[in-house]
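Chemist: One structure, pasted below without further comment.
The values are calculated or read from the model by the stated rules, or taken from the named source; none is laboratory data. The shown structure was predicted, so the numbers you read here are calculated from the model rather than taken from an experiment. Quick reminder, even Gly has a Cβ in these numbers, built from the backbone with ideal geometry, and neighbours come from all protein chains shown. Areas reflect the complete protein model, heavy atoms only, side chains present, ligands, DNA and RNA absent. Shrake-Rupley method; radii C 1.70, N 1.55, O 1.52, S 1.80 Å.
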Amino acid sequence: GDDPNSDWAQGYGFQFWRSRHGAYRGDGAFGQFCLVMPVQNAVVAITASSNDLQGVLDAVWEHLLPGMLGIEPEAVEGLQLPAPSGAGSAPRGVLSRTYTRADGESPIESVRLELEGERQALCLRDAEGDHQIAVAPDRWLPSRGLFGAREVACKGGWTGTRRFEAKVCDVSSPMNVHLAFEFDGDQVRGTLRRKGTFLPEELPDFVGEASPSV
């Protein structure tokens with residue numbers, strides 16, 4: 001290849017891609033990499049969920065490589081996965097109410113939000129049963145599986161006066177799901193978007209209703 005800025009234009013052989021900076025790698029779907037860096041005596045293993053594979057490698061060269069060369073060792077400080085964030089709080093009458101699917105073909109049958117100290121518990125029911133996902137706005141929390149995942153990590157919270165969002169990542173695969181629920185009295189509408197899978201990215205919206213407040 002003739003593009004010095006592309007890791008896919010450096011050559012290929014022996015079932016490995018050559019990379020910039022004297023490295024070589026094995027590639028997988030959605031940004032799964034085994035990046036071997038002989039000069040630095042290092043191997044970088046990446047489990048990603050991205051359609052911009054060159055962007056993933058660019059991040060290695062921009063943030064990790066300088067530290068390996070003794071330049072700007074603080075370059076990786078503060079890096080984190082993006083996730084929904086906000087300073088909102090639950091609207092009155094929403095917590096501890098179960099909203100049951102009233103219309104549509106969403107895989108979610110019901111949703112309920114509980115407050116546990118400073119974190120939320122997002123309780124979902126689907127065809128596989130009940131799932132309780134721990135959610136906090138400032139850190140990733142581990143939970144049981146969802147949508148076929150064995151273990152997940154979740155982060156999120158109230159991003160508006162009536163809107164709750166969470167990002168749920170499968171810790172053993174590139175799949176992640178972005179959940180957003182908009183509450184309006186006894187009704188809720190939820191959107192589900194997943195990445196890192198060959199299945200459809202958009203799932204049917206969840207339209208739920210709860211019994212009137214007493």
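Chemist: Might you let me know whether region 143-155 holds any residue that is open to solvent by less than 40 Å² (accessible area, probe 1.4 Å) and in contact (Cβ under 8 Å) with a residue 40 or more places away in the chain? Break it down stepwise before answering.
Modeler: Here is the first cut: in region 143-155, the residues open to solvent by less than 40 Å² (accessible area, probe 1.4 Å) are 143, 145-146, 149, 152-155.
If we keep only those that are in contact (Cβ under 8 Å) with a residue 40 or more places away in the chain as well, we get 155.
Looking for residues that are open to solvent by less than 40 Å² (accessible area, probe 1.4 Å) and in contact (Cβ under 8 Å) with a residue 40 or more places away in the chain, one finds at least one in region 143-155, hence yes.
Chemist: Out of the residues in region 104-117 that are charged (D, E, K, R) and out of contact with any Pro (no Cβ under 6 Å at 6 or more places or on another chain), which is surrounded by the most Cβ atoms within 10 Å (Cβ to Cβ)?
Modeler: Across region 104-117, the extreme among qualifying residues is R112.
Chemist: Here's a follow-up. What are the pairs with Cβ atoms under 8 angstrom where one residue, in region 118-139, is free of Cβ contacts under 8 Å to residues at least 12 places away in the same chain and open to solvent by 90 Å² or more (accessible area, probe 1.4 Å) and the other, located anywhere, is of a type in the set (K, R) and assigned to a loop (DSSP other than H, G, I, E, B)? Sequence gap at least six, or different chains.
Modeler: Close Cβ pairs (under 8 Å, with a partner that is of a type in the set (K, R) and assigned to a loop (DSSP other than H, G, I, E, B)) do not exist here.
Chemist: Output the number of the condition that N51 fails; it satisfies all remaining conditions of (1) under 18 Å from the mean Cα position of the chain (by Cα); (2) closer than 19 Å to G11 by Cα; (3) open to solvent by 30 Å² or more (accessible area, probe 1.4 Å).
Modeler: Answer for N51: the failing condition is (2).
Chemist: Right, next: In the set V188, V207, which member is in contact (Cβ under 8 Å) with a residue 60 or more places away in the chain and in contact with a Ser or Thr (Cβ under 8 Å, 6 or more places away or on another chain)? Before you say what the answer is, go through the steps one by one.
Modeler: Working: V188 fails: in contact with a Ser or Thr (Cβ under 8 Å, 6 or more places away or on another chain).
Going through V188, V207 in turn, just one is in contact (Cβ under 8 Å) with a residue 60 or more places away in the chain and in contact with a Ser or Thr (Cβ under 8 Å, 6 or more places away or on another chain): V207.
Chemist: Related question: Those residues that are of a type in the set (V, I, T) and in a loop (DSSP other than H, G, I, E, B), I need them from region 1-57; list them, please. Step through it out loud before you land on a result.
Modeler: First, the residues of region 1-57 that are of a type in the set (V, I, T): 36, 39, 43-44, 46-47, 56.
Listed by number, the list holds a single entry, T47.
Chemist: Please go through region 158-212 and give me each residue that is under 30 Å from A29 (Cα atoms), of a type in the set (G, A, S), surrounded by 16 or more Cβ atoms within 10 Å (Cβ to Cβ) and touching a Lys or Arg at 6+ places or on another chain (Cβ under 8 Å), ordered by number.
Modeler: Those that are under 30 Å from A29 (Cα atoms), of a type in the set (G, A, S), surrounded by 16 or more Cβ atoms within 10 Å (Cβ to Cβ) and touching a Lys or Arg at 6+ places or on another chain (Cβ under 8 Å): A166, A180.
Chemist: Is at least one residue of region 118-133 over 22 Å from the mean Cα position of the chain (by Cα) and modelled with pLDDT under 90? Step through it out loud before you land on a result.
Modeler: So in region 118-133, the residues over 22 Å from the mean Cα position of the chain (by Cα) come out as none.
Looking through region 118-133, none of the residues is over 22 Å from the mean Cα position of the chain (by Cα) and modelled with pLDDT under 90.
Chemist: Considering only region 54-65, how many residues are more than 13 Å from D27 (Cα to Cα), open to solvent by less than 30 Å² (accessible area, probe 1.4 Å) and either basic (K, R) or over 18 Å from the mean Cα position of the chain (by Cα) (or both)? Walk me through how you get there before you give the answer.
Modeler: Quick first cut of region 54-65, residues more than 13 Å from D27 (Cα to Cα) only: 55, 58-65.
Then drop every residue that is not open to solvent by less than 30 Å² (accessible area, probe 1.4 Å), which leaves 55, 60-61, 65.
When the remaining residues are screened for being either basic (K, R) or over 18 Å from the mean Cα position of the chain (by Cα) (or both), the result is 60-61, 65.
Selection size over region 54-65: 3.
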